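Okay, so here's the structure we're looking at.
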Amino acid sequence: MESEIASEFLPFCRIYKDGRVERLIGTDTIPASLDPTHDVVSKDVIYSPENNLSVRLFLPHKSTKLTAGNKLPLLIYIHGGAWIIESPFSPLYHNYLTEVVKSANCLAVSVQYRRAPEDPVPAAYEDVWSAIQWIFAHSNGSGPVDWINKHADFGKVFLGGDSAGGNISHHMAMKAGKEKKLDLKIKGIAVVHPAFWGTDPVDEYDVQDKETRSGIAEIWEKIASPNSVNGTDDPLFNVNGSGSDFSGLGCDKVLVAVAGKDVFVRQGLAYAAKLEKCEWEGTVEVVEEEGEDHVFHLQNPKSDKALKFLKKFVEFIIG
């Protein structure tokens, strides 16, 4: 007999009284394949045996036939999903990364991380940082994965992510800037429709509706990060908070993408403005699609605006 529901957080998940978690969306998966799809091959490699976490690698098929000296830009991608749903193995992300890799002629590493509610924040951040260190362990050409050893140009490493993954990308670049002894050189980060928030609106155009604001707060405080002492003003979520300082951001350039109908749009614009005003010496570019909603480019990847953004993302990687 099915156990009783203890709580549900739509549209993401239900939690049952016996502790079982049922994810309601973002659960489909697609296998990696060494048969080229759109001239791209993919494979999964475990990077964290202790947590049974993998990365999915994507490589242009022609690169498998070229010499070891054929170096490609390296994109480390961090998926979204409110820290709760999705994975590198979902059709949403597998298909998108395939298109990016084909268009940019780059090597991509899509990172799996532990998700809430079973493993609340900061587990996701710890895992992605661990994956980044594992990837950079290949920089001398003697890591465990030949594709990275042979083809990754560690002078052209980019971090990218959407929604929760955009949030994590920012924090990873901040950490890379602090951990100078590790020599993690990141050329740029793409912060796409980032899940940045706070208890109070960031400006007069930010979401004022109390029901919407409390709904986002509930997801963060009850599911994603129930251990946060200060709720949505946790610095991991409230990236634009008064105490934040981006001057140590460990990359040369940032692409900030926002969508006009997205609940996070004003936070993303505030982030870009704060980057431009602080003492960080890199360059920031903002791309805004006014009539679109959160992660529209993933939901409708063949639309004109999605293809336009893909072109911009590719230019960011190869430019």
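Here are the numbers for this structure:
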{"item": "In the stretch 164-187, the residues that are under 20 Å from the mean Cα position of the chain (by Cα) and over 18 Å from Asp245 (Cα atoms)", "result": "Ala164, Gly165, Leu184, Lys185, Ile186, Lys187"}
{"item": "Considering residues of the stretch 8-23 that are without any contact (Cβ under 8 Å) to a residue 40 or more places away in the chain and charged (D, E, K, R) only, the residue nearest to Thr212 (Cα to Cα)", "result": "Glu8"}
{"item": "Hits in the stretch 123-138 - residues which are more than 13 Å from Asp183 (Cα to Cα) and in contact with a helix residue (DSSP H, G or I) (Cβ under 9 Å, 6 or more places away or on another chain)", "result": "Ala124, Tyr125, Val128, Trp129"}
{"item": "Criterion violated by His294 - all others in (1) touching a residue at least 60 places away in the same chain (Cβ under 8 Å); (2) assigned to a helix (DSSP H, G or I); (3) not charged (D, E, K, R) satisfied", "result": "(2)"}
{"item": "Whichever residue in the stretch 288-311 is crowded, with 18+ Cβ neighbours inside 10 Å and over 17 Å from the mean Cα position of the chain (by Cα) and, among such residues, is nearest to Leu92 (Cα to Cα)", "result": "Ala306"}
{"item": "Within the stretch 144-201, considering residues that are of a type in the set (Phe, Trp, Tyr) and farther than 21 Å from Ala104 by Cβ, the one surrounded by the most Cβ atoms within 10 Å (Cβ to Cβ)", "result": "Trp197"}
{"item": "Set Ala131, Ala82, Ala116, Ala124: member being aliphatic (A, V, I, L, M), open to solvent by 10 Å² or more (accessible area, probe 1.4 Å) and under 30 Å from Ala217 (Cβ atoms)", "result": "Ala82"}
{"item": "Test: residue in the stretch 63-73 that is under 26 Å from Gly177 (Cα atoms) and either in a strand (DSSP E or B) or in contact with a Ser or Thr (Cβ under 7 Å, 6 or more places away or on another chain) (or both)", "result": "yes"}
{"item": "Ile168 being of a type in the set (A, V, I, L, M), in contact (Cβ under 8 Å) with a residue 60 or more places away in the chain and out of contact with any Lys or Arg (no Cβ under 9 Å at 6 or more places or on another chain)", "result": "yes"}
{"item": "Residue among Ser7, Ser3 that alone is among the polar types (S, T, N, Q), out of contact with any helix residue (DSSP H, G or I) (no Cβ under 9 Å at 6 or more places or on another chain), surrounded by fewer than 15 Cβ atoms within 10 Å (Cβ to Cβ) and farther than 17 Å from Arg115 by Cα", "result": "Ser3"}
{"item": "Strands (runs of 3 or more DSSP E) wholly inside the stretch 90-194 that include at least 2 residues being more than 25 Å from Pro49 (Cα to Cα)", "result": "152-162, 186-192"}
{"item": "Number of positions in the stretch 202-227 that are in a loop (DSSP other than H, G, I, E, B) and surrounded by 15 or more Cβ atoms within 10 Å (Cβ to Cβ)", "result": "4"}
{"item": "Arg56 being basic (Lys, Arg), over 23 Å from Trp147 (Cα atoms) and not in a loop (DSSP other than H, G, I, E, B)", "result": "no"}
{"item": "Selected residue [touching a Pro at 6+ places or on another chain (Cβ under 9 Å) and loosely packed, with under 15 Cβ neighbours inside 10 Å] from Asp28, Asp35, Asp18", "result": "Asp28"}
{"item": "Hits in the stretch 140-155 (condition: over 14 Å from Leu75 (Cα atoms) and of a type in the set (Gly, Ala, Ser))", "result": "Gly141, Ser142, Gly143"}
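The values are calculated or read from the model by the stated rules, or taken from the named source; none is laboratory data. Since the structure is predicted, the reported quantities are computational estimates derived from the model, not experimental observations. Cβ atoms come from the backbone with ideal geometry, glycine included; neighbour counts cover every protein chain shown. We work out accessible area using only protein heavy atoms, side chains counted, and drop any ligands, DNA or RNA first. Shrake-Rupley method; radii C 1.70, N 1.55, O 1.52, S 1.80 Å.
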